[in-house]
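What follows is a single structure, written as structure tokens, with notes after it.
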Amino acid sequence: MKIAIDGPSGAGKSTLARMVAKKLGYLYVDTGALYRCIALYAIRNDVATKDCRAVCEMLPEITVELRYDEDGFQRMFLNGLDVTEDIRKPEVSMAASDVSSIPDVRKFLLKLQRDIADKNNVVMDGRDIGTVVLPNAEVKIFLTASPEIRAERRHKELVEKGLKISYTDVLRDIKARDMQDISREIAPLKAADDAIILDTTNCSLEDSLKMLIDVIRG
Ligand code: DC
């Protein structure tokens, strides 16, 4: 069984997908974390994330691995090192969006994503899961919300982690990333034709989870 959850950043995908996976006993796969690993490697090696050629040249140096801890929490390993926390830094977000528009990067990560879905029941979240990675997923959901509410949620999350960042900056980043993810040529952020669109702008987390479970149970 494959459940694809796509949508823009801050729509609540990861929180909700994790909760749904737990409820159903499926594996939760956060695919954005894979792009974040590539971006982090580029940043650490002074490779410009918009420089397609330079990013492609560094790909053979990279091994990205997903591992799960005893609580079922996904941890990311970049060349054997745990980078789970490092990839969450705000500067990695836009860089991840940059590298995600490079066809070779998407090709590099596609097999990894499909292999996991072949071996497990999954709830996979990302931007192109229903359209490209798992076009045969049994359930496809496109989760969205207004940019303002997404920025508000993301801002709260970052502040709780101890980061000093303003709401205005978060909103600006979210809008810039939306624009870049929607307008890229390869696997752009969009709802699959057969996806069910859920707008969580006016929904609490509990309401959104209920909506999601109702859709999955049909
Ligand atoms: O979900 P996230 O914010 O961690 O994703 C970071 C970036 O990675 C996002 O801006 C676009 C890209 N991404 C993608 O292109 N395809 C996916 N399946 C997941 C993420």
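Where a number appears in this text, it was derived from the coordinates with a stated rule and is not lab data. Keep in mind that this is a model prediction, so the values were computed, not measured. So basically every Cβ, Gly included, is an ideal-geometry build from the backbone, and we count neighbours across all protein chains shown.
For the stretch 54-149, the C-alpha radius of gyration divided by 2.2 N^0.38 Å, with N the number of residues, is 1.18. A simple charge model with +1 on the Cβ of Lys and Arg, -1 on the Cβ of Asp and Glu and nothing else charged puts the dipole of the stretch 77-162 at about 180 debye relative to its Cα centre. Summing Cβ point charges (Lys, Arg +1; Asp, Glu -1) relative to the Cα centre of the stretch 62-218 gives a dipole of roughly 240 debye. Under 5 Å between amide hydrogens, built in the peptide plane, is the criterion, and for residue 29 it picks out 123, 124, 125 among residues at least 5 positions away or on other chains.
Which residue, 189, 112, 134, tops the fluctuation ranking in a GNM of the chain built on C-alpha contacts under 10 Å? Most flexible of the set in this elastic network: 112. Per-residue Karplus couplings for the stretch 49-55, computed as 6.51 cos²θ - 1.76 cosθ + 1.60 with θ equal to phi - 60°, are listed in order as 6, 8, 8, 3, 5, 5, 5 Hz, Gly and Pro entered as x.
Is the shape of the stretch 157-208 rounded, prolate or oblate, going by the alpha carbon gyration tensor and its root eigenvalues a ≥ b ≥ c, with a/c under 1.5 for rounded and a/b larger than b/c for prolate? In terms of gyration-tensor shape, oblate.
Considering the chain at the alpha-carbon level, its Rg and Dmax are found to be 16.4, 48 Å.
Among the lysines, which fall within straight-line cross-link reach of residue 190, defined as a Cα-Cα distance under 16 Å, with same-chain neighbours fewer than 8 residues apart omitted? Cross-link targets: 13, 140, 175.
For the stretch 110-186, trypsin sites (Lys or Arg not before Pro) are listed when DSSP marks them as loop and at most 14 other Cβ atoms sit within 10 Å of their Cβ; the list is 161, 164. Note that the stretch 150-156 has calculated 3J(HN,Hα) couplings of 5, 5, 4, 5, 5, 4, 4 Hz, one per residue in order, obtained from phi through the Karplus relation 6.51 cos²θ - 1.76 cosθ + 1.60 (θ = phi - 60°); glycine and proline are x.
Distant-in-sequence amide contacts of residue 198, defined by a placed amide H-H separation under 5 Å and a gap of 5 or more residues or a different chain, comprise 142, 143, 144.
The residue 63 and residue 119 beta-carbon pair, evaluated with R₀ = 22 Å, returns a calculated FRET efficiency of approximately 0.75. Distant-in-sequence amide contacts of residue 75, defined by a placed amide H-H separation under 5 Å and a gap of 5 or more residues or a different chain, comprise 67, 68, 69. Seen from residue 213, the other residues with C-beta closer than 14 Å to its C-beta sum to a net charge of +2, counting Lys and Arg as +1 and Asp and Glu as -1. Cross-link list 119/161; 89/111; 107/164; 23/111; 119/164: which exceed 30 angstrom alpha carbon to alpha carbon? Listed pairs above 30 Å: 119/161; 107/164; 119/164.
Restricting attention to the chain, close to 30% of DSSP beta bridges with both partner residues there are antiparallel.
Listed values for the stretch 32-44 are Karplus-derived 3J(HN,Hα) couplings in whole Hz (6.51 cos²θ - 1.76 cosθ + 1.60, θ = phi - 60°), namely x, 4, 5, 5, 5, 5, 4, 4, 5, 4, 4, 4, 5, and x replaces Gly and Pro. Judged by the gyration tensor of its Cα atoms, with axes a ≥ b ≥ c, the stretch 1-125 is prolate; a/c meets the 1.5 cut and a/b is the larger of a/b and b/c.
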